Amino acid sequence: MPYSKVFITRRLPTQLHRLEEVANVEVWPERQAPPYEVLLEKAKEIDGLLCLLTDQIDQQLIEVSKSLKVISQMAVGFDNIDILTATARRIPVGNTPGVLTDATADLTWALLMAAARRVVEADRFVRSHLWQTWEPDLLLGPDIAGATLGIVGFGRIGQAVARRAKGFNMRIIYTSKHKCKPELEQSLGVEFANFVSLLQTSDFVTIHTPLSAETYHLFGEAEFALMKQSAILINTARGAIVDPDALYQALRTGEIAGAAIDVTEPEPIPTDSPLLTVDNLIIIPHIGSASRPTREKMANMAIDNLIAGLRGERLPNCVNPEVYDVVDDK
Ligand code: NAP
Ligand code: GLV
């Protein structure tokens with residue numbers, strides 16, 4: 001294999017030796033993502049790109065990169081990458097599914113529990129020196145045990161959340177693109193529901209779909225109107241699945257009781273966003289997969305995909321495997 005040139009858009013939580021044996025590696029050294037113009041310049045001269053969900057890998061960028069053989073994303077979601085253009089250019093795109101499923105489901109669960117039991121509000125209450133005594137009606141929330149959990153998007157993470165919910169004795173319903181296999185429904189103790197009835201009957205709704213044209217603003221005014229006033233929304237998928245203005249109105253007017261989100265539209269959330277003013281919302285900075293072992297596994301998986309792509313081998317985790325089906329007509 002000829003010596004390749006690789007650009008990595010941030011420092012990774014793992015060693016790069018394996019990659020350095022096969023490629024000339026440049027790592028963007030700053031904490032902030034490289035500006036788009038920098039990426040565009042780099043793209044002109046590289047064979048491999050290892051990017052993050054903060055990098056906009058669009059048509060222009062893919063088309064200027066004449067020697068690019070592989071795009072490897074250190075994330076499972078890949079909505080920041082123009083897959084159609086990559087596929088048209090026969091560039092395989094890698095991602096990191098599976099290794100982050102438990103970490104993300106854990107964080108989803110932490111948000112669900114924190115929102116239900118108002119943990120963040122309670123912490124603010126104490127730090128504001130408002131704690132005077134034990135009170136029968138101080139910071140009350142709903143029960144989790146026995147409540148109905150609605151899971152929107154029943155893939156790896158949605159199912160891992162269901163496994164956690166089972167241990168909490170919840171009723172679990174789900175909606176997804178396809179109904180899951182009866183054995184899986186049985187082993188996880190879940191029932192399929194259509195989207196509308198899931199919204200109408202769930203005490204907690206948790207989102208686990210990818211961001212796509214279909215799921216963009218899947219939650220807007222109409223959906224919040226369908227939800228119970230006591231319901232709590234959790235989003236650890238992608239910010240743009242929820243219309244932020246509609247979420248603000250729903251929380252402000254009491255159309256739903258609360259929400260907890262790891263992801264926002266845009267990211268980071270603008271400092272003047274009205275969402276930052278509502279008490280019944282927990283917002284954290286996109287840390288779903290942020291356990292040390294998970295991030296290291298993700299980085300190693302992204303490197304595996306990158307090396308395979310540089311070698312012209314099939315990526316171990318490829319989001320557009322159709323690039324391998326195309327008949328070479330050159
Ligand atoms: P996955 O296994 O592919 O699951 C996604 C599920 O969503 C699939 O079951 C799919 O249904 C379903 N789906 C797709 N379009 C839908 C629609 N329009 N309506 C309802 N359901 C739909 O992916 P995953 O590994 O669970 O990850 C899910 C998403 O979580 C990622 O795409 C990423 O954006 C996000 N994520 C966030 C973090 C974080 O740090 N907060 C970490 C990891 C992942 P079918 O199976 O029927 O096609
Ligand atoms: C994180 O958001 C991911 O998609 O891995």
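The values are calculated or read from the model by the stated rules, or taken from the named source; none is laboratory data. Everything numeric here is computed off the predicted structure, so don't read it as measured data. We place every Cβ from the backbone using ideal geometry, glycine too, and count neighbours over all the protein chains shown. The area values use the complete protein model at the heavy-atom level, side chains included, leaving out ligands, DNA and RNA. Shrake-Rupley method; radii C 1.70, N 1.55, O 1.52, S 1.80 Å.
Name every residue in the stretch 36-75 that is open to solvent by less than 40 Å² (accessible area, probe 1.4 Å), in contact (Cβ under 8 Å) with a residue 40 or more places away in the chain, in a loop (DSSP other than H, G, I, E, B) and not small (G, A, S), in order of residue number.
I46, D47, L52, D55, M74
When you scan the stretch 288-305, do you find a residue that is closer than 18 Å to T87 by Cβ and open to solvent by less than 60 Å² (accessible area, probe 1.4 Å), even just one?
Filtering the stretch 288-305 down to residues closer than 18 Å to T87 by Cβ leaves 305.
Subset that is open to solvent by less than 60 Å² (accessible area, probe 1.4 Å): 305.
Yes: the stretch 288-305 contains one or more residues that are closer than 18 Å to T87 by Cβ and open to solvent by less than 60 Å² (accessible area, probe 1.4 Å).
Would you please name the residue that is nearest to ligand 2 (Cβ to nearest atom), looking only at residues in the stretch 164-200 that are surrounded by fewer than 14 Cβ atoms within 10 Å (Cβ to Cβ) and aliphatic (A, V, I, L, M)?
Filtering first and then ranking leaves L184.
Per-residue answers, yes or no, for (1) out of contact with any Asp or Glu (no Cβ under 8 Å at 6 or more places or on another chain); (2) within 20 Å of T101 (Cα to Cα):
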| site | (1), (2) |
| --- | --- |
| F192 | no, no |
| V196 | yes, no |
| V205 | yes, yes |
| S212 | no, yes |
| Q229 | no, no |
| I232 | no, no |
| I256 | yes, no |
| P266 | yes, no |
| T271 | yes, no |
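Go through the stretch 226-240 and give me each residue that's of a type in the set (A, V, I, L, M) and either crowded, with 23+ Cβ neighbours inside 10 Å or modelled with pLDDT under 95 (or both).
Just the residues of the stretch 226-240 that are of a type in the set (A, V, I, L, M), to begin with: 226-227, 231-234, 237, 240.
Passing the criteria: M227, A231, I232, L233, I234, A237.
Do you know which of the residues in the stretch 76-86 that are β-branched (V, I, T) and buried (at least 19 other Cβ atoms within 10 Å of the Cβ) is nearest to ligand 2 (Cβ to nearest atom)? Steps first, answer last, please.
Initially, the stretch 76-86 is screened for residues β-branched (V, I, T), giving 76, 81, 83, 85.
Still in the running and buried (at least 19 other Cβ atoms within 10 Å of the Cβ): 76, 81.
Values: V76: 4, I81: 11 Å.
Across the stretch 76-86, the extreme among qualifying residues is V76.
Taking the stretch 44-81 on its own, how many of its residues are touching an Asp or Glu at 6+ places or on another chain (Cβ under 7 Å) and within 16 Å of ligand 1 (Cβ to nearest atom)?
Our first condition is that a residue be touching an Asp or Glu at 6+ places or on another chain (Cβ under 7 Å); within the stretch 44-81, this holds for 57-59, 62, 67-69, 80.
Filter once more, so that each one left must be within 16 Å of ligand 1 (Cβ to nearest atom): 57, 80.
So the count comes out to 2.
List the helices (runs of 4 or more DSSP H) inside the stretch 77-131, counting only whole elements, that have at least 2 residues being in the same structural domain as F154 (by TED's automatic domain parsing). Give the steps one after another, and end with the answer.
Details: elements: 83-88, 101-116, 119-127.
Qualifying helices (runs of 4 or more DSSP H): 101-116, 119-127.
Can you give me the number of residues within the stretch 1-55 that are among the β-branched types (V, I, T) and over 16 Å from N305 (Cβ atoms)?
Here the count works out to 3.
Would you pick out the residues in the stretch 106-121 that are within 9 Å of ligand 1 (Cβ to nearest atom) and either of a type in the set (A, V, I, L, M) or open to solvent by 10 Å² or more (accessible area, probe 1.4 Å) (or both)? Before you say what the answer is, go through the steps one by one.
Within the stretch 106-121, the first condition is being within 9 Å of ligand 1 (Cβ to nearest atom), and the residues that meet it are 107-108.
Once the filter is applied, which keeps residues that are within 9 Å of ligand 1 (Cβ to nearest atom) and either of a type in the set (A, V, I, L, M) or open to solvent by 10 Å² or more (accessible area, probe 1.4 Å) (or both), the stretch 106-121 yields only L107.
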